[in-house]
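Since the structure comes first, as structure tokens, the remarks are kept for the end.
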Amino acid sequence: MIYPTIFPHRSNRRARAAAHRAMAMAALTSNSSLGVRYRRYHAHMRKAEALSRAADAIALEVVQEVSE
């Protein structure tokens, strides 16, 4: 059974960030030129970092609301 989380949007962002990290690692081993591999890697890592920061910001916002 799947249990709903309290913050579904946060877990979704974290899951997407993890997926982008996996895609970044896969980009390094793809059958492309070195420049293309690094470009894809960095693009996915930037997306992963942005999603992680967004998830952290929402979590901090929720904690502040609860503590007030």
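Worth pointing out:
- For the range 47-68, taking the residues that are at pLDDT 85 or above and among the charged types (D, E, K, R), the one that is farthest from residue 20 (Cα to Cα) is identified as 56.
- Of note, residue 27 satisfies the criterion of being buried (at least 16 other Cβ atoms within 10 Å of the Cβ), of a type in the set (A, V, I, L, M, F, W, C) and at pLDDT 95 or above.
The values are calculated or read from the model by the stated rules, or taken from the named source; none is laboratory data. It should be emphasised that the depicted structure is a prediction, and the values quoted were computed from it without experimental measurement. We place every Cβ from the backbone using ideal geometry, glycine too, and count neighbours over all the protein chains shown.
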